[in-house]
Amino acid sequence: MAGTPEDGKRPIEPQGHAAGMPYDWRPPTTERLAARLWNADDPRFFTPKTFGWGYDVNIYWLAHPMRFVRARRR
């Protein structure tokens, strides 16, 4: 399937962009939900929404702020 990571580490990309913001109208899956809401392998703080238009917060980085700082330096 397009957009699905083979190794589980690559971020799953949104379906498209409109007005500069990502959208994804595909039905949400647990894999996409985990990849966008709790993903230490994704260096982004704001990730595309699992379903809808806009951004979600990668909650992993809220729980581990020092790791976020170190990841941004890489």
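Go ahead and set up a Gaussian network model of the chain, Cα springs under 10 Å, then flag whichever of ARG36, ARG44, ARG26 fluctuates most. Among ARG36, ARG44, ARG26, the largest GNM mean-square fluctuation belongs to ARG26.
Compare the Cα positions of HIS17, THR29, ASN58 along the charge dipole of the chain (+1 at Cβ of Lys, Arg; -1 at Cβ of Asp, Glu; about the Cα centre) and return the one farthest towards the positive end. Sorting the options by dipole projection puts first ASN58.
Across the chain, the fraction of Cα-Cα pairs farther apart than 22 Å, rounded to a whole number, is 21%. In this Cβ point-charge picture (+1 for Lys and Arg, -1 for Asp and Glu), region 18-73 has a dipole of about 240 debye about its Cα centre. Here the Gaussian network model covers the chain, with springs between Cα atoms less than 10 Å apart; of TRP38, TRP25, TRP61, TRP25 fluctuates the most. Take every Cα pair under 8 Å whose residues are at least 6 apart in sequence, average their separation, divide by the length of region 18-73, and the relative contact order is 35 percent.
Read-outs throughout are calculated quantities, based only on the coordinates presented, and are distinct from any laboratory measurement. Computed from a predicted structure; not experimentally measured. Because the Cβ atoms are built from the backbone with ideal geometry, glycine has one as well, and the counts that use them run over all protein chains shown.
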